[in-house]
Ligand SMILES: [Zn+2]
């Protein structure tokens, strides 16, 4: 709880990052969450990992040990053989109860609007997983507008635009994508408070969620929503309600 509000951080990473050397254990993360009043978080592997299986096992164990604190997400390269990709996503959904699949075009250069990417969205749909898509760095495949294609093709799939386009230049694209596709949700990490006002002027809070990405951002990212001059109902939706509905309320 933060200022008496329940908080769901819709974007954190657990495990080992091969690209940065960063290591984040569930225990370290829980300490940060407790310090900053985060009740629950969507735990995602880092985009580049020594072993996606180990990353999923770590997150699966964290979800098992702390079912009210962590919701699990899978992340693996879409360039793996499709049977391998499919088996691992099934394992994450069936063995660990993961609720999301992450697509990271910055490190997985695949156009999400292309037919080559359809299998990812279809596997997610099959296991009732939401798809979290990184946007911003990694353009052109990280353009928010490209997500309108799978969102239209799979109206029952929930797609989360992580980082909401990554700020200024792509923010209007993220807003337009959400306006045209009711199954697109916006995760607000990296935006400035004025950008959040800009989003809220057009997209209802029931489609918005807060995220931090990295532990050193939690205080600022959650604080910016807590302190924003917006209606309380909107604040509750952004901090808790939307993510609970999209990723399933673990109780
Ligand atoms: Zn991230």
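The values are calculated or read from the model by the stated rules, or taken from the named source; none is laboratory data. Keep in mind the model is a prediction, meaning the values are calculated, not measured. Cβ sites come from the backbone with ideal geometry, for glycine too, and all protein chains shown count toward neighbours.
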If we ask which residues in the stretch 212-233 are in contact with a helix residue (DSSP H, G or I) (Cβ under 7 Å, 6 or more places away or on another chain), within 12 Å of the ligand (Cβ to nearest atom) and in a loop (DSSP other than H, G, I, E, B), their number turns out to be 1
Residue 240 passes all but one of the listed conditions (1) within 18 Å of the chain's Cα centre (by Cα); (2) over 15 Å from residue 40 (Cα atoms); (3) part of a helix (DSSP H, G or I); the exception is number (2)
Taking the stretch 31-51 and keeping residues over 19 Å from residue 247 (Cα atoms) and either surrounded by fewer than 19 Cβ atoms within 10 Å (Cβ to Cβ) or over 14 Å from the mean Cα position of the chain (by Cα) (or both) leaves 31, 32, 34, 35, 36, 37, 48, 49, 50, 51
- Within the stretch 52-60, is even one residue crowded, with 23+ Cβ neighbours inside 10 Å, farther than 19 Å from residue 131 by Cβ, within 17 Å of the chain's Cα centre (by Cα) and in contact (Cβ under 8 Å) with a residue 12 or more places away in the chain? no
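Against the condition at positive phi, away from the ligand (no atom under 11 Å from the Cβ) and touching a residue at least 60 places away in the same chain (Cβ under 8 Å), how does residue 37 come out, does it pass?
Numbers: at positive phi: yes; away from the ligand (no atom under 11 Å from the Cβ): yes; touching a residue at least 60 places away in the same chain (Cβ under 8 Å): yes.
In short, yes.
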Checked the stretch 12-28 for anything touching a helix residue (DSSP H, G or I) at 6+ places or on another chain (Cβ under 8 Å) and within 13 Å of the ligand (Cβ to nearest atom); matches are 12, 14, 15, 24
Of the listed residues (233, 226, 176), the one being surrounded by fewer than 23 Cβ atoms within 10 Å (Cβ to Cβ), under 18 Å from residue 135 (Cα atoms) and touching a residue at least 24 places away in the same chain (Cβ under 8 Å) is 176
Being away from the ligand (no atom under 16 Å from the Cβ) and under 17 Å from the mean Cα position of the chain (by Cα) narrows 201, 174, 151, 162 down to just 151
Being away from the ligand (no atom under 16 Å from the Cβ) and in contact with a strand residue (DSSP E or B) (Cβ under 6 Å, 6 or more places away or on another chain) narrows 90, 99, 86 down to just 99
Inside the stretch 1-30, the number of residues satisfying the requirement of being touching a strand residue (DSSP E or B) at 6+ places or on another chain (Cβ under 6 Å) and surrounded by fewer than 19 Cβ atoms within 10 Å (Cβ to Cβ) is 1
Scan the stretch 97-110 and tell me whether some residue there is modelled with pLDDT of 95 or more, surrounded by fewer than 23 Cβ atoms within 10 Å (Cβ to Cβ) and more than 29 Å from residue 39 (Cα to Cα). yes
